[in-house]
Amino acid sequence: MTDACPVSVRGRVFPSHKAAAKALGVKRGALASALYRRGHCDTVGLPPSATRMGNTNAPANETVLFGHRFRSRLSAAKALGVNRNTIRLVAEGKASQARREIVYSALMRHLAKEEGR
């Protein structure tokens with residue numbers, strides 16, 4: 001790893017990875033990993049909760065249940081009033097017949113409620 005390359009972390013520029021790692025209290029590998037995975041080092045050295053706070057830009061994985069589309073598994077779970085894990089199992093085709101029937105009946109109630117509006 002070339003150490004002479006300047007690196008910017010949360011607007012502060014360090015002369016090298018080594019200097020940045022020392023100032024942030026992390027290892028140089030953490031900086032290299034962040035650059036490789038995310039293209040920036042802005043979350044290096046922060047607690048895990050701080051890196052996820054306000055993550056509104058995270059892409060939602062569209063979920064299709066019995067031909068009906070939801071923005072995400074969480075939005076499907078909230079709309080249907082079932083557990084998110086149940087939605088995951090049904091979407092992945094790993095759910096039992098009983099769980100599929102629960103989600104299907106919840107979806108039918110949800111669609112009927114939407115039509116009534």
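A compact table of results
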quantity	calculated
Set Gly93, Gly45: member being assigned to a loop (DSSP other than H, G, I, E, B) and modelled with pLDDT of 90 or more	Gly93
Residue in segment 15-27 that is in contact with a Gly (Cβ under 9 Å, 6 or more places away or on another chain), at pLDDT 85 or above, of a type in the set (Val, Ile, Thr) and part of a loop (DSSP other than H, G, I, E, B) present	yes
So Ala106, is it in contact with a helix residue (DSSP H, G or I) (Cβ under 6 Å, 6 or more places away or on another chain), surrounded by 12 or more Cβ atoms within 10 Å (Cβ to Cβ) and either of a type in the set (Ser, Thr, Tyr) or not in a loop (DSSP other than H, G, I, E, B) (or both)	yes
Positions within segment 1-31 being within 10 Å of Gly45 (Cα to Cα) and surrounded by fewer than 12 Cβ atoms within 10 Å (Cβ to Cβ), in sequence order	Gly25
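The values are calculated or read from the model by the stated rules, or taken from the named source; none is laboratory data. Small disclaimer: the values here were computed from a predicted structure and weren't measured. Every residue, glycine as well, gets a Cβ built from its backbone with ideal geometry; the counts of neighbours run over all protein chains shown.
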